Every structure is written in C-alpha cells, then in structure tokens.
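The values are calculated or read from the model by the stated rules, or taken from the named source; none is laboratory data. Here the structure is a predicted model, which means the values were calculated and not measured. Note that each Cβ is placed from the backbone with ideal geometry, even for glycine, and that neighbours are counted across all protein chains shown. Surface accessibility is based on the protein's heavy atoms, side chains included, excluding ligands, DNA and RNA. Shrake-Rupley method; radii C 1.70, N 1.55, O 1.52, S 1.80 Å.
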Amino acid sequence: MTDPALPAGRLRRPARSVVWGGRRTTIVLLAGLLLLSTGTILPSPVEAGHTESDTFIVTAAEKGEAKGKVHRHGGRVEKELHVVRGVVARLNPQQRDRLADDADVVVTPNVPVSLTDLPVATTRPPAAVFPTLTGADRLAAKGITGAGVTVAVLDTGIARLPDFSGRLVSGVDLSGEGNPYRDSFGHGTFVAGLIAGNGASSAGLYKGEAPGARLVPVKVAGASGSTDLARVIAGIDWVVANRLLLNIRVLNVSLGAVMNRSTVLNPLDLAVEAAWRSGIVVVASAGNAGPFNGTVTSPGDDPLILTAGALDDRGTADAADDAMAEFSSVGPTAVDGWYKPDLVASGRSVVSLRVPGSTIDTTNPSARIGTANFVGSGTSFSAAVASGAAALVLDARPWARPDEVKGRLVGTAATGPVGNPFVDGGGSLDAYRAAVVSDIGFSQAALSNPTATLPGTTVSLSVTWNSSPWNGSAWNGSAWNGSAWNGSAWNGSAWNGSAWNGSAWNGSAWNGSAWNGSAWNGSAWNGSAWNGSAWNGSAWNGSAWNGSAWNGSAWNGSAWNGSAWN
C-alpha cells in the first residue's frame, strides 16, 4: 500500500497530543432528506444507543511512529492507516491517557458514522435538470461524457443496475457485508446515479452528470447506514492504494463530521489531503446544517479539496430562478476560518436511482418515482453532481491535476443565487465552461494552514484571505473580466491604478463594534457616502489588507454568526 507524502509542515511534532473526548464528535453521511411525492418528509433510520468505543485512531508525523507509540504504551494495533501515517488501536483508559500525554501523537476516538435525514419540507415537484443547467448535456453532444475517467464512491455500495452497465469497476466492501455491489441501504447507488447514471432505467429521462464515467464502489456502511471513522479513512486508504490500477481520478465523499479541531490535526482531513496530493480530485459535501455560519463539516472544511453546497434549481434549467437550499451549510469553517463552500450545485428534490428493497426504499415508499427512481435532497447530492463535472473536465483534459480541475470548476462558475463566498462560494457549477474554456486565468494553489488553530484562539483572516482563491492575487489575466464580474458595480477604473491604496482600511475602523449592529444598516451604506470619489483614489491600496488589520477579536465571536451574514 502506498504512503503518499504529507505536505511539509503538516502534523510536525504537534505541541500537545489531542484526545477528542469530553465532547462527543458526530459524523454523518449527508443523505439529506427523502422527499416524498406528497411533500412530507420521513426520516432515514439512524442507529441509536451508540456508546464510545475503546478503539482510537492514532496519528503521528513520521511513518511507523504511531504504531511504535501504541505498542510502547501497551495498546494493540488493529489496522494501519497508511494514508494518514496512523493506526487503528485498541486502548484501555490508562493506555489512552498515556498516549494523550505523548506530544508526538494525536489520538482521535473512532466515533460512529451514520446516515441522517434533513427535516426541511418542500412541495416543489422533483426533477433532474442539472445536466442541462450545468451544460453537461452540451458536453455530451461533443462526445465528452466522462469516458475513461473512474470515480470512486465512498458510501454504502453501488447496486448493479442497467444505468451502470459495463462501467462498474472492481471495488471493496469494508462494511462486513462482503459485497460492494449490494447497496442494502440505498444511498450509494443514489449518489452514483447522479454522478454517472446513463438513464437506461428511465428511458433516458434521468441521467447523471457524466454518463460515460466508470464507477468504483468503496463500501463503508451496510443496511443500517452506520459505520465508523476508521472505516471511512480505511476506504480512502484503499482508494489511494488502487488509484493507478483502476485509474481513479475522482473521489466522491458524501459524508460529514462535526469536528472541533483544525484541519491540520483532523485525521479525516489529512486522509482526503493525501488523496488529493496523490492525484485524485476529492469532492465533499458542505453539510446540511445551514443557513448558519460555521456549519461546514469535515472533510468539506478542508481548504485543499472541492466542497459543494446545495442550490434549489426549482426544477427548471433556467438559472434565473435558482435559490440557495436553506439547509446548505455555510462558512467560514468553524475552526480555521476557511472560505467554504467552493461552489454550489443542484441538491434539492433531485431524482436518481432507487434500490428496490433497500432500507430507504422500504422506509420511504412515497419517495419512489416510477419503478426505478427515487427523489431526495441534501448536499450529498450536490457533491455527486460536482464529482460528475470533475470527471467531465478530466475527460476533456486528461492531463489536468486536481488543482487545475478545482481551479476550472471554481473559476468558471456562474453567478450564484446569493453572491456571498461563505454561502455559495465561487457560484453555480458550470461544467461546460470548466471543460472547454482554454484559459480561465485562475490559479488554485494547493493551500493549507501550516499550523493548528486550537479551540478558543483567534482566527487570523489575514492568513485565510492571503491563501484564499478570493484574494486578488489568485486571479490572473482575464479572470476578473467577463460576465461573472460584469455590471456597473465591478467595471471602470475603480479596480485599476491606485484605487486600492492608502490607510483607510487600517486602524480601529475594522475593530470593535464597527462590524456589528446598526453600523451595517441604514444610510451608512447608502447615498453619496459610497459613491463618487469615496471608492476611488488611494483609499484601497497598499499593505492595509495584510497584517494585523485582519486579526483580533473584530473577526471573531457573534459578528460572524447568526442571520446578519446570511
């Protein structure tokens, strides 16, 4: 099994080991809701009565170090997790405490993972118009369908249905059921249909984004929809180890963990980053805890990978009536303050494939559409659409690395329903432009915070801004031109010359209550104060966007939370 190199400066001798105990960490596969034809919602089952196990994930900076430390402290190693340079270990409380005092390792409880429902109702008719909305249909007319690209689906398995005929590639079952093609829960097949279903079961009515792509089932949960963190990371480990053999170029991760640690220490984030650096485009769901700030889940909180939020396409291929799905999680990320999600795609009342007799099928019969299809909502499904779009980009540009694929998908996104980078990211997915535009002038660097941000400490948005694709330096050439940035508000000389200069953005103007309360309301934003020369001249330039001007308590606390930012 391969051991892809972790980035320099990541997990380098953390100042202290961390046991994520005390507060229970929750991890859920983002199935979203099951939308019934009657407009009501029935919950998907969740196993109850979980107790904290005595198995832990132990990670360290060096290969083999975690294994040696576990043995030294008397624990038992059950499985190696090469992708995070760690192990799954069985520890009693004394052994756990001794490892917790070891500054060279990080200890994470092997928490349960389960599917969840989303209690948000809608009476909108179900539809699957996203291939037209994103331009995937136009790419198919050019022969670009994702053929030759393999997408791994980390989920509950993929059933052998006509829509995948000849395109299911050997997978793995880590759930204990022993068959990656038996989807006894039904979620993985639904996700796979949105990625690459060819419409065979519905006479072409319901197709996926990349109907020519191959699929690899990486099954981590069975009929109950429950698994654990170790199996999820083991699934990513398997994908990385088999990426060359199976030509895996995309990994869909429609699950989320509510963690209280930086992406630097979180083993799930470390796993997806290792997959990314090995050459795999990782697409994750943002979460279904919106519309509040700081609700993006792990691994969608990772700055490296592509994170998809959900929009409501209203069942039409006209983007003019699109709206954000209110359940879609919102940034900035709770611990590190990263800009997330990266983009949004259809995720409300979307139609995909049904697995007859599966848990969600038998529990929610009213969600069936015809004999072969089903309807659901959630950012899980937005991630699936985005994974299909990544396969289309790789079909058109097989040499593209993950950074370029992400840069294309984000840099060509259409104007989003809200236009807020913490809500709809770079905008609405436009697969057609991402695949065919020759030079988008956008550079998505492989960026991550070099040091951990501990709970209770101040997040420096100077760091986040400088490393964010929203920073001006990340956009080159024509990236600031074209329809995405047009309209009188963004044109003219206001963006040129010395228009950003001066000290007007420094000092106390950014601190204290200036960001709260009435300062954002009323006439302060209107009238001549914001027009004319106030936006021009030297007022916007210089070092005023860097350094301490972005730090301190002014960016923390309630100022970033609540309805004020949504």
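Rounded to whole numbers, the Karplus 3J(HN,Hα) couplings from phi for segment 341-346 are x, 8, 7, 10, 8, 3 Hz, using 6.51 cos²θ - 1.76 cosθ + 1.60 with θ = phi - 60°, and x at Gly and Pro. When all protein chains stay in place and ligands, DNA and RNA are ignored, the 1.4 Å accessible-area order of 348, 138, largest first, is 138, 348. Computed in the context of the full set of protein chains, the accessible area of segment 384-441 at 1.4 Å probe radius has 50% of its extent on carbon or sulfur. When nucleic acids and ligands are ignored and a 1.4 Å probe is applied, residue 366 ends up with an accessible area of around 50 Å².
With the whole protein complex present, residue 401 retains an accessible surface near 130 Å², based on a 1.4 Å probe. Taking the Cα centre of segment 156-273 as reference, the dipole from Cβ charges on Lys and Arg (+1) and Asp and Glu (-1) amounts to some 260 debye. Residues whose amide H falls under 5 Å from that of residue 324, counting only those 5 or more places apart or on a different chain, are 312, with hydrogens built in the peptide plane.
Charge tally for residue 201 (other residues, Cβ to Cβ under 15 Å; Lys, Arg +1; Asp, Glu -1): +2.
Both the radius of gyration and Dmax for segment 211-342 are 15.5, 43 Å, in that order, over alpha-carbon atoms.
Remark: segment 81-88, residue by residue, has Karplus-estimated 3J(HN,Hα) of 10, 4, 5, 10, 6, x, 9, 8 Hz, where x stands for each Gly or Pro and the curve is 6.51 cos²θ - 1.76 cosθ + 1.60 at θ = phi - 60°. Taking the alpha-carbon distance from residue 340 and a cut-off under 16 Å, which lysines remain once sequence neighbours fewer than 8 residues away in the same chain are dropped? By straight Cα distance, residue 340 reaches 406. Remark: segment 152-162, residue by residue, has Karplus-estimated 3J(HN,Hα) of 8, 10, 7, 6, 9, x, 10, 6, 6, 10, x Hz, where x stands for each Gly or Pro and the curve is 6.51 cos²θ - 1.76 cosθ + 1.60 at θ = phi - 60°. In the context of the full protein assembly, residue 395 retains an accessible surface of approximately 40 Å², using a probe radius of 1.4 Å and ignoring ligands and nucleic acids.
By accessible area, using a 1.4 Å probe on protein heavy atoms only, segment 154-234 has 48% of its surface on carbon and sulfur. Among the aspartates and glutamates, which fall within straight-line cross-link reach of residue 219, defined as a Cα-Cα distance under 14 Å, with same-chain neighbours fewer than 8 residues apart omitted? Counting by Cα, and skipping residues close in sequence, residue 219 has these aspartates and glutamates nearby: 155, 173, 177, 183, 228, 237. Excluding ligands, DNA and RNA, the accessible surface per residue across segment 295-352 is 18 Å² with a 1.4 Å probe. Between the amide H of residue 343 and those of 307, 309, 426, distances stay under 5 Å, these residues lying 5 or more places away or on another chain, with hydrogens modeled in the peptide plane.
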